[in-house]
Amino acid sequence: MPPILETASARWNLVSSETPLDQFPEPNLFESLMREARYAQDNAYAPYSEFQVGAALVIGGRIYRGANVENASYGATMCAERTALFNGVSDGERQLTLLAITTSAEPLSPIESRSPCGLCRQVMSEFTTSDALVLLDAGDENGQLVGDIIPFSVLFPFQFKLGGE
């Protein structure tokens, strides 16, 4: 069983013990950021897949939100994670440290059904710090927010870097 980080209203499962517990930000920041992601999810435009995603991230010390926006051509669709990231980058920020993602997947569904797509992972890799964390919402259980904490390096271990950087 993975270690658990718990507050009065949230429980976070650590997917990897790569980052020691004492190096995590204040657990209430996780809860606050996930609530921002849920707020963003309310604005998702997903008439084709009906899979609504919200993201909130900390980049450059500021919080940015994003929702997925689908398009009939599918190729013009924008994921919530990239929407939030591009909002931060457009403001000149470059250091992604924490990302919260919520989806319309069934509560307590497997990580694979709540995880960012490969394209989003590659885009995020341009801006993540070495200790960046990803929070994946797993829903609510008895009124408590439940989710998983994954170091970005575990979520995307073999990032493509131009010229082997």
Based on this model, can you work out whether Leu85 counts as outside any helix (DSSP H, G or I) and aliphatic (A, V, I, L, M)? no
Could you list, ordered by first residue, the pairs with Cβ atoms under 6 Å in which the first is in the stretch 93-117 and in a loop (DSSP other than H, G, I, E, B) and the second is surrounded by 11 or more Cβ atoms within 10 Å (Cβ to Cβ) and basic (Lys, Arg), at least 6 apart or interchain? Ala105/Arg114
At pLDDT 95 or above and either within 23 Å of Gly143 (Cβ to Cβ) or loosely packed, with under 13 Cβ neighbours inside 10 Å (or both): is that true of Ala72 in this structure? yes
Checked Glu70, Glu106 against criteria (in contact with a Pro (Cβ under 7 Å, 6 or more places away or on another chain), more than 14 Å from Met124 (Cα to Cα) and of a type in the set (D, E, K, R)); the one match is Glu70
Quick one: in the stretch 80-125, which of the residues that are among the aliphatic types (A, V, I, L, M) and over 30 Å from Gly143 (Cα atoms) is farthest from the chain's Cα centre (by Cα)? Val89
Filter the stretch 51-69 for residues that are assigned to a loop (DSSP other than H, G, I, E, B) and either surrounded by fewer than 15 Cβ atoms within 10 Å (Cβ to Cβ) or under 11 Å from the mean Cα position of the chain (by Cα) (or both) and give the result. Phe51, Gly61
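The values are calculated or read from the model by the stated rules, or taken from the named source; none is laboratory data. Bear in mind the structure is a predicted one, so any value in this text is a computation, not a measurement. Glycine gets a Cβ as well: all are built from the backbone with ideal geometry, and neighbour counts include every protein chain shown.
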